[in-house]
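None of the figures in this text is laboratory data; all of them are computed from the coordinates on show. If you're wondering where the values come from, they're calculated on a predicted model, not measured in any experiment. A quick note on method: Cβ atoms are made from the backbone with ideal geometry, for glycine too, and the neighbour counts reach across all protein chains shown.
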Amino acid sequence: MSRVLNILFGLAFFVSACDRPAEPSLCLAQDLGRYRLLVDPDAQVQGSNCRLTYVDPKGRKAMVRVKKEQRPWAWEGRAPHSFEKHVVLYRPEGEGIRVDWQGKEVIVSLWLEGLVLPEGPVLRAYLFTHGSVFPPEWIALTQFEKTEQVAAAAGKSRPQQARRHLAAARKHQQQGNHNMAIQEYHVAVAADAACFACFFEMSKLYHKLRQWDLAIRAARRAQALRPKSAGPIAWLGDLFYRVRNHEQALGYYQKALRMGLSGDEKKGVQRRLEVLRAQRAVAK
């Protein structure tokens, strides 16, 4: 009798489980702008850990993973970036970038092939679905703003201290210790916010690390300190050229030439200007 009851109970449980609606997917199983959903045997749509892949007309992939997770993650090694009122963190990875953020109850991770900065319809759609809710220190306070607050609190410039930290940053760079070099550069500009070499070299290092947004911010600080110098203007042109913002690059290059850029820098800018003008002509 007990065996029969166990069988009946098991059948009832099985039927109720079949009738239960499937858990809504955390991923978006649809085409997103120019990216179409890729049929992938390894895709996982349902459940608390979904994975999907999209591909654009050029064959570049956008790989998405959404995981149900409430505990905060460690986000070291990623640069903050603002995209349509959301803050995400990113880093170079392979032939693209890895973009991460924490939602209300999920962690979202995108790999965007062929991009150098977080952008595009896949990122936009997932941020709309799972908005970034990073703590205030991540959202409102980038490393540059932390540096500004330290400098403001200090009240006065300390060039000698800045020079010591600049020397330490250069030594760390020579040894290949880029993280320590970045820290020393930020300590240096906190001691002396008028240190042109600190900001300019910091920008070069961020460029080397492919952290384009931070490289541009540091370059702008350096340019503001030497407004009559053509070199920092040309460097800003190089950075915008690298992230494929050709209109900005064109403007900075033309300005640098007007300001009297010379030597090898001038020749390099003229070559890149020819490329940009040719691309513009083709686009028309």
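Starting from 0.36 nm per residue, how many nanometres of slack lie between K267 and D40 once their C-alpha separation is accounted for?
Length difference between fully extended and current span is 76.9 nm.
What is the extension gain from R226 to K255, computed as 0.36 nm multiplied by their sequence separation minus the C-alpha to C-alpha distance, in nm to one decimal?
That pair, R226 and K255, stretches by 9.0 nm at full extension.
Within 10 Å of each residue's Cβ, count the other Cβ atoms and sort V189, V39 from fewest upward.
The fewest-first ordering by Cβ neighbours comes to V39, V189.
Quick one: what are the phi-derived ³J(HN,Hα) couplings along region 101-116, Karplus 6.51/-1.76/1.60 with θ = phi - 60°, whole Hz, x for glycine and proline?
Taking θ as phi minus 60°, the curve returns 7, 9, x, 4, 9, 9, 10, 10, 9, 10, 10, 10, 6, x, 9, 10 Hz for region 101-116.
Any idea how many Lys pairs in region 228-284 come in under 21 angstrom at the alpha carbon, given 8 or more places apart or on separate chains?
Here the count comes out as 5.
Test of understanding: ordering Y90, Y206 by Cβ neighbours within 10 Å, fewest first, what list do you get?
Fewest-to-most ranking of Y90, Y206: Y206, Y90.
For I107, I233, what ranking results if the residue with the fewest other Cβ atoms within 10 Å of its Cβ goes first?
In increasing order of surrounding Cβ atoms, one gets I107, I233.
Roughly what would the spin-label model give for E95 and Q248, points 7 Å off Cα along C-beta, in nm?
2.6 nm
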